[in-house]
């Protein structure tokens, strides 16, 4: 019934023993069956980045078309598919999965654990993400990519107005992806509840953890709205149902409500973890703790909650009653308060610190500037009269790119410069990093700031070309030049990563002299993360000897070794007292096979080959039962 | 101090309430419940926007649905009886209780199929038909998934997999089954009862 866990110290034989227990075997089984959160995290990062490059390519082609008036490089039909896929890719296949990648890799290291709570679910969530992305992209192979925009307003998406498979790929692909995101969110929450190091009470959590935690809860409540909407869309299109069809008693605005009840929380889902990355990184480079930790943590959570009360600001131009639009306008302005709290906390941290101007800090500083610009244009569009004037113009395009590129892409690149040395054991090139930052920062502003002006001049979004003589030519030319400079910046980043992997100088365990737990292990970390499991006495375990934050001290060099199998420590959720030893699963092919079976199901639904869909469903069931069927009982039981 | 705390003897693997698997099931229920909230929101939204009568052909009949509700509630009781049995190590109570739950769940689905066959409209008739069949169908699908879970757990109960301490799978399936029943009460109240009061 019980095992003893006496404190041990790291020794070479212990290291060998743990490696044998935790390392994934090489070969095909290891590739498809690994449940190591670090491998899964890296896969998430690489896959999401690849989708980002695909989405960037789509944008590059569109910018070529819009560089001058009356261009005919693309047909209107192709242009529709490109802008739809650009949005779907960046919003669904890049912005959220890339943060899941960082969270997957960093969470157990930051929390002082050996893996996530459900390692196999973690593998499943990756395979589902990969397959749903490939499912959506396979639409290009039959020339029928989604073409009604990434928020797919009814009735334009209904069967009568959108023949072909275009929007079936959309509805089913997103449905597929929601499974992955939901599974991932559950995994993060349970990991936080049960797998922290002893002593890591909630007032000692890094803000990045707060960000992903808030996001994961938001996913649980928001994602089902998209699920419901996509199911209804598929039913309308395939079975002649009438959810969004006014003639049959449905209502097109039902789609908009369901989509934005999901969609606006989603905006915070793709920025809160990124803001968390910044809140943990800025202190490292300012050589002091974050100013106002408690306020930033509370701001993170309250943003996540308020994010559920603002969806109607996407619908100001739909003729809703004034009372309703006024309420949501006020709510949208209130949500700026927690954002401002975070901004002032970062500024105060920089002001009171001694900033070290390395590449991650440059990206962090650039992020703050872009966040403020995107925030100001956000408040502007929260005002109903202003929004009615500018809705569906390039002003909105400018706003959403400042927000998403500013608060997602810049922190993500900063995150790579910061944590890639942990993942690969090698530093990136500092000089190339500076070039990388300035081309991306200047290119972005050159490209996207003029879009505000194009919007104010009345240029609508989603037009495939425009006539000369409207005064839109110059701003569009400048935008295209800026977009290409930005793209060069992204290429410089890739060059830097390749250079670093081949000849970057060794990083050592803690190249930035950072305070959090992931820097306490080697770079790259061994398969088992920590040889002995640490216990935590403060918010900055690696800065304790200089901060004097209290008498409690973290213990990193002695602790339970748990070397009788894949084991880690379980704690009580609130007090972080050790409560059990968790037996972690071995590598397994079930997650891969289950995801593959679901892919078969979705192709069956897409093509109306019901036998295929049912066969896939039966396989899903078989894989689930096989997965959950208990192996031999652990001897201790 | 935490290091001394972990030196004491700890159980291997959590059991029952508070285990990682238990939390996983709770969170799955949270997100599934949200899905039904959005489906019922859609029902009331389209109802409030309807130009004619809502529901178009009057409130659905209670003749089959009301007894069916009682059957589902009884199955929850049987599940509770089975689970509290295994907590005391009563293997017989666990096995019999699970079989009764399984039987009542199957009867529920059969009666729902009969009720479907009596309907004068289809999912493609109008928005109400789409809503009625989608919402009750989704609930039915959850019942079916719950029944498969119960079937697997019943099999494992007969194989003697569970003990007083180790029965997390029973606890989780039981949680899910009570959730499916609670959802039915929400669906029943919204679709069958609310048109009679408004």
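Among residues of the stretch A:218-232 that are buried (at least 24 other Cβ atoms within 10 Å of the Cβ), those with a Cβ under 8 angstrom from a residue that is outside any helix (DSSP H, G or I), sequence gap 6+ or separate chain, pair up as A:232/A:241; A:232/A:243; A:232/A:244. Checking each residue in the stretch A:391-430 for being more than 28 Å from residue A:462 (Cα to Cα), more than 22 Å from the chain's Cα centre (by Cα) and not in a loop (DSSP other than H, G, I, E, B) picks out A:426, A:430. Look at (1) within 13 Å of chain A (Cβ to nearest Cβ); (2) part of a helix (DSSP H, G or I); (3) over 30 Å from residue A:254 (Cα atoms) and you find that residue B:101 fails only one, number (1). The residue that is nearest to residue B:167 (Cα to Cα), among those in the stretch B:30-49 that are over 20 Å from the mean Cα position of the chain (by Cα) and within 7 Å of chain A (Cβ to nearest Cβ), is B:42.
Kindly evaluate residue B:57 against the criterion of being within 14 Å of another protein chain (Cβ to nearest Cβ), closer than 27 Å to residue A:228 by Cβ, touching a residue at least 24 places away in the same chain (Cβ under 8 Å) and not in a helix (DSSP H, G or I). If you could, list the steps in order and put the result at the bottom.
Details: within 14 Å of another protein chain (Cβ to nearest Cβ): yes; closer than 27 Å to residue A:228 by Cβ: yes; touching a residue at least 24 places away in the same chain (Cβ under 8 Å): yes; not in a helix (DSSP H, G or I): yes.
Yes: the conditions hold for residue B:57.
Condition (residue is more than 24 Å from residue A:47 (Cβ to Cβ), at the interface with chain B (Cβ under 9 Å from one of its Cβ atoms), modelled with pLDDT of 95 or more and touching a helix residue (DSSP H, G or I) at 6+ places or on another chain (Cβ under 7 Å)) applied to the stretch A:184-193: is it met by at least one residue? The answer is yes, given that some residue of the stretch A:184-193 is more than 24 Å from residue A:47 (Cβ to Cβ), at the interface with chain B (Cβ under 9 Å from one of its Cβ atoms), modelled with pLDDT of 95 or more and touching a helix residue (DSSP H, G or I) at 6+ places or on another chain (Cβ under 7 Å). For residue B:52, the stated conditions do not hold, so it cannot be described as surrounded by fewer than 15 Cβ atoms within 10 Å (Cβ to Cβ), away from chain A (no Cβ under 14 Å), over 24 Å from the mean Cα position of the chain (by Cα) and farther than 24 Å from residue A:193 by Cβ. Annotation: residue A:112 fulfils all but one of (1) closer than 17 Å to residue A:480 by Cβ; (2) crowded, with 24+ Cβ neighbours inside 10 Å; the unmet one is (1). Residue A:565 - would you say it is within 14 Å of another protein chain (Cβ to nearest Cβ) and in a loop (DSSP other than H, G, I, E, B)? Considered against the rule, which asks whether it is within 14 Å of another protein chain (Cβ to nearest Cβ) and in a loop (DSSP other than H, G, I, E, B), residue A:565 comes out as yes.
If you check A:261, A:282, A:305, A:277, which single one turns out to be at pLDDT 95 or above, within 30 Å of residue B:49 (Cα to Cα) and away from chain B (no Cβ under 14 Å)? I'd like the intermediate steps shown before the answer.
Numbers: A:261 fails: away from chain B (no Cβ under 14 Å); A:282 fails: within 30 Å of residue B:49 (Cα to Cα); A:277 fails: within 30 Å of residue B:49 (Cα to Cα).
One residue alone meets the criteria, A:305.
In the stretch B:1-29, the residues that are more than 8 Å from every other protein chain (Cβ to nearest Cβ) and at pLDDT 85 or above form Cβ pairs under 6 Å with partners that are surrounded by fewer than 19 Cβ atoms within 10 Å (Cβ to Cβ) and not in a loop (DSSP other than H, G, I, E, B), at six or more places apart or across chains, as follows: B:25/B:175. May I ask you to say which residue of A:547, A:574 is within 14 Å of chain B (Cβ to nearest Cβ), within 18 Å of residue A:203 (Cβ to Cβ) and surrounded by fewer than 16 Cβ atoms within 10 Å (Cβ to Cβ)? Step by step, each of A:547, A:574 is checked, and only A:574 is within 14 Å of chain B (Cβ to nearest Cβ), within 18 Å of residue A:203 (Cβ to Cβ) and surrounded by fewer than 16 Cβ atoms within 10 Å (Cβ to Cβ). The set of residues in the stretch A:508-545 being over 13 Å from residue A:112 (Cα atoms) and touching a strand residue (DSSP E or B) at 6+ places or on another chain (Cβ under 9 Å) consists of A:523 alone. Only a single criterion out of (1) assigned to a helix (DSSP H, G or I); (2) within 14 Å of another protein chain (Cβ to nearest Cβ); (3) surrounded by fewer than 18 Cβ atoms within 10 Å (Cβ to Cβ) is not satisfied by residue A:623, namely (3). Restricting attention to the stretch A:264-277, does a residue exist that is over 22 Å from residue A:374 (Cβ atoms) and assigned to a helix (DSSP H, G or I)? There is no residue in the stretch A:264-277 that is over 22 Å from residue A:374 (Cβ atoms) and assigned to a helix (DSSP H, G or I).
Kindly establish whether residue B:169 is at pLDDT below 95, assigned to a helix (DSSP H, G or I) and in contact with a helix residue (DSSP H, G or I) (Cβ under 9 Å, 6 or more places away or on another chain). Answer is yes for this residue.
When you scan the stretch A:503-525, do you find a residue that is part of a loop (DSSP other than H, G, I, E, B), over 30 Å from residue A:293 (Cα atoms) and modelled with pLDDT of 95 or more, even just one? Looking for residues that are part of a loop (DSSP other than H, G, I, E, B), over 30 Å from residue A:293 (Cα atoms) and modelled with pLDDT of 95 or more, one finds at least one in the stretch A:503-525, hence yes.
Residue selection: residue A:539 satisfies the criterion of being more than 14 Å from chain B (Cβ to nearest Cβ) and surrounded by 20 or more Cβ atoms within 10 Å (Cβ to Cβ). Picking from residues in the stretch A:195-213 that are assigned to a helix (DSSP H, G or I) and surrounded by 24 or more Cβ atoms within 10 Å (Cβ to Cβ), the one that is nearest to the other protein chains (Cβ to nearest Cβ) is A:213.
For (1) away from chain B (no Cβ under 14 Å); (2) at pLDDT below 95; (3) more than 25 Å from the chain's Cα centre (by Cα); (4) crowded, with 23+ Cβ neighbours inside 10 Å, each residue gets a yes or a no:
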| site | (1), (2), (3), (4) |
| --- | --- |
| A:3 | no, yes, yes, no |
| A:39 | yes, no, no, no |
| A:55 | yes, no, no, no |
| A:65 | yes, no, yes, no |
| A:90 | yes, no, no, yes |
| A:97 | yes, no, no, yes |
| A:104 | yes, no, no, yes |
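In the stretch A:577-586 there is at least one residue matching the filter, namely being more than 13 Å from residue B:12 (Cα to Cα), surrounded by fewer than 19 Cβ atoms within 10 Å (Cβ to Cβ) and more than 9 Å from chain B (Cβ to nearest Cβ).
Residue under question is residue A:273, and the condition is that it be in contact (Cβ under 8 Å) with a residue 60 or more places away in the chain and more than 30 Å from residue A:608 (Cα to Cα); does it hold? Criteria met by residue A:273.
The values are calculated or read from the model by the stated rules, or taken from the named source; none is laboratory data. Because the structure is a prediction, the values reported are computed rather than measured. As a convention, Cβ positions derive from the backbone with ideal geometry for all residues, glycine included, and neighbour counts pool all protein chains shown.
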